[in-house]
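The structure appears below as structure tokens.
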Amino acid sequence: MVSRSYTNLLDLATGAADQAPAAAALGALRRRLPRVVTNSGLIDDTPASPSVPPRPRTIVVANQLPIRSHRPGSPEEPWTFDWDEDALLRHLHHTSPPSMEFIYIGCLRDDIPQADQDAVAQALLDTHNCVPAFLPPDIAERYYHGFCKQHLWPLFHYMLPLSPDLGGRFDRTLWQAYVSANKIFADKVLEVINPDDDFVWVHDYHLMVLPTFLRKRFNRIKLGFFLHSPFPSSEIYKTLPVREELLRALLNSDLIGFHTFDYARHFLSCCSRMLGLSYESKRGHICLEYYGRTVSIKILPVGVHMEQLKTVLGLPETEAKVAELMEMYMGKGRVVMLGVDDMDIFKGISLKLLAMEELLRQHPEWRGKLVLVQVANPARGRGKDVAEVQAETYAMVRRINELYGEPGYEPVVLIDEPLQFYERVAYYVIAEVCLVTAVRDGMNLIPYEYIVSRQGNETLDRMQLRQGKPEGKKSMLVVSEFIGCSPSLSGAVRVNPWNIEAVADAMESALVLPESEKRLRHDKHFRYVSTHDVGYWANSFLVDLERTCEDHDKRRCWGIGFGLRFRVVSLDLSFKKLSLESILMAYRRAKKRAVLLDYDGTLMPQAINKSPSAESVRILNSLCRDKKNEVYLCSGYDRRTLHEWFPCENLGIAAEHGYFVRSRRDSEWQTCITAADCSWKQIAKPVMCLYRETTDGSTIEDRETILVWNYEDADPDFGSCQAKELVDHLESVLANEPVSVKTTPHSVEVKPQGVSKGLVARRMLASMQERGQCPDFVLCIGDDKSDEDMFQLLATAPCGASLASKAEVFACTVGRKPSKAKYYLDDAAEVVRLMLGLSYVSEELALANHRDEDDDSSLDVWE
């Protein structure tokens, strides 16, 4: 089938994309071609059997492939490759259903000479289903060690570039290299993707602008993104000069995943403060509406590969290493605490060592008995800060060992060389306590690995018994509250790593906790870790991605914007932009017209000065002078204000959402319902005053029958939060009053029950019907929830009785959003242009009628 991802806007607008022979030929060619073409030569064009459905396929894109490469011994020998079984992305294959196919795209750890790249790419594709992205050396350096490690990584870990030594100043050339690298990754995706069937899953901050490149090429691509690092608070993130570009790029995904709610909350706050986007929960799923597209937010911490850990625990070399470590430590009566961290500034190794020093100082009974084994993995970055962390760590280890050590005993054992995975697991098995004091970390799976390792197996249990350890599985965790796994480990001792004394106390309490309590905590943790493994994480994400993308083919899509501000507009097939040409033709041929217009946000953009422009008043006057027109302006403003703003003789006005109505300027004001008792204001206004005092920037508008609490100028997050509380408060105290409490984008309104703009529309059409002037043209335009009542009325059958038999109805909302209207215009400026066009037609028709009358008069005189 022809791909439904259109990029030619002209074809989309005309519908040519569905019928064009060239497109059909392209679709047929796509069906015949293999999914990847790497070599020139003959192509097997034998059609695939139509009875075999395609396997679901996910293209996984990350900075590095889960591959280990082996350099050839001589130029004549080929490169060889094997899987990196420790890599998270490799675990996706092991833990997913057999029917799921994965293609991996990313860089290799080794630099491949350009002459070997074609052969390496073909070999990886044939043997491992991997597509390598080869970055030019200058781009690779500035992309990874430049922008990723000098800008994004420090900032996402809450390090501001306050000086050149702290993260470094923003460098535009590094940003350009980052964008160029992401474009290379995008090209690799385009080589293999079948956009109608494949899912694309992009990983981590290295590829944050990749979604824009992919969405620009295929508007309906099924695209997910998962951020494995923290996402900083808006106060930190907004210091980034390219903050909007990155946010908009992420929003070109269909599903965005985070490890914790805190990270997701910070992202949503940035979208609200910098892009003006609000989010809502739909049946348990957090969603953002972005130009008609629904972007879902997924909160799901990653897990460990249970089967791999169980396998490693049963290896002979693991058992031998455990026996060796038991003899080394337990045989001498030592108690082991374990830390496993990368040697970088955010892992808090120095804070851990200070806490160990404080523990030995406060509790002399642990001297000669307690050992902290600190495994320090090589840092992934490089630079001055890494060297400083290494020097500080070595110096502190020497000082503690000199101060509290004795012959045959070192309180701190620093292992600063890479360990095999089975060796690390062996250390987990013998450690009584695992200690993680990172000051900021995206997830950190060390505690999960420790829990599974302490669960052990029968062989390891027998080895523990021989050392005199009591029966039962147990483990203890002391973890920083600033790491992603902390919320899921409710039985761990959570600490603020900056509070050295508190960490020392937590370490001591973890050591002396009763054995039964340790077992209970371990059992609780193991149940969680074993059921929320990497397979659960991956499958849950992919299921949600499929759910989010299921209606792609049911919507019209097209791209707008340039560069990294590109985004896709997605609308329901029945929801169309109001065509100026078609409405002008309908307006011209109509014999009787009804026009209903909202004011604020429709005829007038949201601004500080709410009064109408002279041009708007002139346009309304021109429309009202047309005898075929009946024009009503519906607004929430009070009648005195509207009377002053609009000196139009024939303009009907509905004030305060329709409570007060008049058909002409010289008519008396009438009420749509029985005169309301406004004594409820004495209850509601003190409540609103309380929220005004506690919400800086908010105001109260006291109209005749409406009270409005407006928070347009308040902090958006706090204002929204206060608005929800205010609605609950008002609904509680006004439960027995004949009023309704409504919310609008930046306000909370209390008004009499039964008052709505829909009532105004019904009254207007009924009045025209009574006069025998049923309209054959109806135009209704509004921008918020209060206008939906008018749209709903115009769509109902009773309304049809008030219209001419072949009436043309145009219900139009302002902005692309879910609405009962069938049409939309982008903003108030487009509404004004439309009304200006209608006024020109009225003036033109009036002039033509005037000429006809003059011709008739001349004919009478001649006769």
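Could you tell me which of rounded, prolate or oblate describes region 321-361, using a ≥ b ≥ c as the square roots of the eigenvalues of the alpha-carbon gyration tensor, with rounded for a/c under 1.5 and, failing that, prolate when a/b is larger than b/c and oblate otherwise? Oblate, since a/c reaches 1.5 and b/c is not below a/b. Take 289-299, 782-792, 670-680 and order them by the average number of nearby Cβ atoms within 10 Å per residue, most first; the result is 782-792, 289-299, 670-680.
Over all orientations, region 740-789 has a Cα convex hull whose mean projected area works out to 4.1 square nanometres.
A cut-off under 13 angstrom between Cβ atoms defines the neighbours of R142, and their net charge, with Lys, Arg +1 and Asp, Glu -1, is -1.
Mind checking which aspartates and glutamates have their C-alpha under 17 Å from K282, skipping anything on the same chain fewer than 8 residues away? Answer for K282, where 17 Å is the Cα cut-off: D254, D544, E546, E550, D551, listed by chain and number. Taking 0.36 nm per residue of separation and subtracting the current Cα-Cα distance, fully stretching the chain between S540 and E517 would add 5.0 nm. Accessible surface area normalised per residue over the chain is 45 Å², counting heavy atoms of protein chains with a 1.4 Å rolling probe.
Between K576 and E644, the C-beta separation translates, for a Förster distance of 35 Å, into a calculated FRET efficiency of about 0.40. With 20 Å as the limit on Cα-Cα distance, the pairs of K751/K820; K554/K576; K577/K757; K577/K742 that go past it are K751/K820; K577/K757; K577/K742.
Here the gap between L275 and D827, fully extended at 0.36 nm per residue and compared with their Cα-Cα distance, gives a gain of 197.1 nm. Each residue, A795 and K724, gets one label point 7 Å from its Cα in the Cβ direction; the gap between the two is 2.7 nm. Placing a label point 7 Å from the Cα of S490 along the Cα-to-Cβ direction, the residues of region 496-520 with a backbone N closer than 19 Å are 517-520.
Candidate cross-link partners of K149 among the aspartates and glutamates, defined by an alpha-carbon separation under 14 Å and a same-chain spacing of 8 or more, comprise E141, D165, D171, D204, D344, D385.
Candidate cross-link partners of K806 among the aspartates and glutamates, defined by an alpha-carbon separation under 12 Å and a same-chain spacing of 8 or more, comprise D776. The listed peptides 337-346, 176-185, 80-89, ordered by packing as a protection proxy, come out as 337-346, 176-185, 80-89 (highest mean of other Cβ atoms within 10 Å first). The accessible surface of region 480-588, taken with every protein chain in place and a 1.4 Å probe, is 55 percent carbon and sulfur.
With the simple model of a label 7 Å out from the Cα in the direction of the Cβ, K610 to R283 spans 3.9 nm. Per-residue ellipticity at 222 nm computed for the chain from its helices equals -13000 deg cm²/dmol, with DSSP H segments shorter than 4 residues left out and the rest contributing -39,500 (n - 2.57). Scan (i) 34.4, 134; (ii) 41.6, 158; (iii) 27.8, 93 for the value of Rg and Dmax of the Cα atoms in Å calculated from this model and give just the label. Entry (i).
With a Förster radius of 35 Å applied to the C-beta separation of N499 and E307, the computed FRET efficiency comes to 0.35. Inter-label distance, H850 to H70: 9.3 nm, where each label sits 7 Å from its Cα along the C-beta direction. The alpha-carbon positions of region 126-254 define a convex hull whose volume is 114 Å³ per residue.
Using R0 = 25 Å, the C-beta based FRET efficiency linking L419 and K384 works out to 0.40. Take every Cα pair under 8 Å whose residues are at least 6 apart in sequence, average their separation, divide by the length of the chain, and the relative contact order is 9 percent. Our estimate of slack between E244 and T459, defined as 0.36 nm per intervening residue step minus the Cα-Cα distance, is 71.9 nm. Roughly what % antiparallel, to the nearest 5, for the DSSP beta bridges in the chain? Taking every DSSP beta bridge with both residues in the chain, the antiparallel ones total about 35 percent.
The values are calculated or read from the model by the stated rules, or taken from the named source; none is laboratory data. All figures in this text were calculated on a predicted structure; none of them were measured in a lab. Positions of Cβ are backbone-derived with ideal geometry, glycine not excepted, and every protein chain shown enters the neighbour counts. Accessible surface areas use protein heavy atoms only, side chains included; no ligands, DNA or RNA. Shrake-Rupley method; radii C 1.70, N 1.55, O 1.52, S 1.80 Å.
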